[in-house]
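First comes the structure, then the notes that go with it.
The values are calculated or read from the model by the stated rules, or taken from the named source; none is laboratory data. Just so it is clear, the structure is predicted and the values come from calculations on it, not from any experiment. A quick note on method: Cβ atoms are made from the backbone with ideal geometry, for glycine too, and the neighbour counts reach across all protein chains shown. In case anyone asks, the SASA skips ligands and DNA or RNA and just uses the protein heavy atoms, side chains included. Shrake-Rupley method; radii C 1.70, N 1.55, O 1.52, S 1.80 Å.
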Amino acid sequence: MKFNLAVIPGDGIGPEVLDGALQAIRAVEEKFSHQIVLAEAEAGGAAIDKTGEPLPRETIRACKNADSVMLGAVGGWQWDHLPGDQRPERALLGLRSELGLYANLRPAALHKALADACPLRPELVPNGIDIMVVRELTGGLYFGDRGRKQTDMGEAAWDTELYSVEEVRRIAVMAFSIAQKRQKRVTNIDKANVLESSRLWRETVLAAAREYPDVMLDHLYVDNAAMQLIRDPGRFDVIVTTNMFGDILSDEASQITGSIGMLPSASLGGSGFGLYEPIHGSAPDIAGQNLANPIASILSAAMMFRYSFHLEEEAAAIESAVTKALEAGYRTADIRGAGAAPTGTKEMSGIIARNILAG
Ligand code: NAD
């Protein structure tokens, strides 16, 4: 098969970790006889330096012409003095809205070889952790009406949580379809005991569930869900939730799996088009030192093969190449135990690419 892929290296460790993903993609291309055509584009600080704006029109065009997008990371202290709407991170919001990416998928999985990195006591995670958080990305509190006004109590401010049935239905459908390929369990997380928007959210999730009788659905209020994530994370398969609850819970879920350098993400629109990137930022403190863990970026490439190209075998080949590298004892600095010699970014990327070809 032939695919067009837009690649955005970005800033800091972005280009270093993206290189690891591209080596994995090349290995998959060779092993499975696909043709993947790359178009490099700029966003973030690199784009500001070159064009004066964080998300040039040309980059949007390159992404829209592609079947999928892979991003390294954006941001860095060089651009911290710029006003909010001109900073590198604006490129992320711009890409999401320009590309219609309404669902954010963040898996939080604990590799057996890295069980020691989990901050929870072993008896709390007897069967490991394998959670997929499906977060609504373009609606809710972060996009609703907001403002300030004077009141008897002084200045006041408000934000609005607004969700339409269609916005909820499409994210619920995404969560149920993903669950069908996993353990067939969805936990809906809302605050339906207090919020009217959550009551509509829950009614809509329940209605969508009727089309997926093979998937088990349960509901948790967000405060309870935050507790269950650290008390019994094994109870979760797929979580579906709102923009704000998902923002908070996906960070909590990522922390219980150890390093931020291990976790990929996907932002998807309706047609399978997606933007794939590690959850971490540009890590300026370790940029250019061959210290970054490329695994989050490499696993983002696996997600791309699964969710945009529907190539499960190719996705699994990348994932098992990562597992093989970890089981063989290779560790970047962020995940190594005391005293062990770290593997560099380039070396780890090379080992994983070779594992794909040999697998
Ligand atoms: P960060 O994720 O870049 O780094 C946090 C800590 O984790 C740092 O100590 C860093 O060294 C470490 N780390 C991150 N990724 C790692 C990896 N792959 N391997 C090993 N260690 C890793 O978060 P931050 O320091 O808060 O932000 C740095 C810059 O990144 C900021 O400009 C921020 O706005 C930006 N940012 C970008 C994105 C994105 O591009 N999607 C996301 C978050 C933050």
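Among beta bridges identified by DSSP and lying wholly in the chain, the antiparallel ones come to about 45 percent.
Under Stokes-Einstein, with the Kirkwood radius over Cα pairs as Rh, the value for the range 234-312 at 10 °C and 1.306 mPa s is 113 µm²/s. Across the chain, the mean sequence separation of Cα contacts (distance under 8 Å, 6 or more residues apart), normalised by length, yields a relative contact order of 23 percent.
Given all pairs of different Cα atoms, what value in angstroms does the Kirkwood hydrodynamic radius of the range 288-359 take?
In the range 288-359 this quantity evaluates to 12.5 Å.
Spatial offset of the range 292-354 relative to the range 58-117 amounts to 19 Å, using the alpha carbon center of each.
The apolar share of the surface of the range 169-312, taken as the fraction of accessible area on carbon and sulfur atoms (1.4 Å probe, ligands and nucleic acids excluded), comes to 55 percent. Calculate the spin-label point distance for residue 159 paired with residue 338, positioning each point 7 Å from the Cα along the beta-carbon direction, and give it in nanometres. Between residue 338 and residue 159, the simple spin-label model gives 4.1 nm. For the range 131-250, the alpha-carbon radius of gyration amounts to 1.14 times the rule-of-thumb value 2.2 N^0.38 Å expected for a compact globular protein.
For the listed residue pairs 31/181; 149/191; 50/324; 50/181; 184/346, the alpha carbons are over 32 angstrom apart in 50/324; 50/181; 184/346. Find, among the trypsin sites (Lys or Arg not before Pro) in the range 150-212, those assigned to loop by DSSP (not H, G, I, E, B) with at most 10 other beta-carbon atoms within 10 angstrom. Answer by residue number: 210. The alpha carbon convex hull volume per residue for the chain rounds to 157 Å³.
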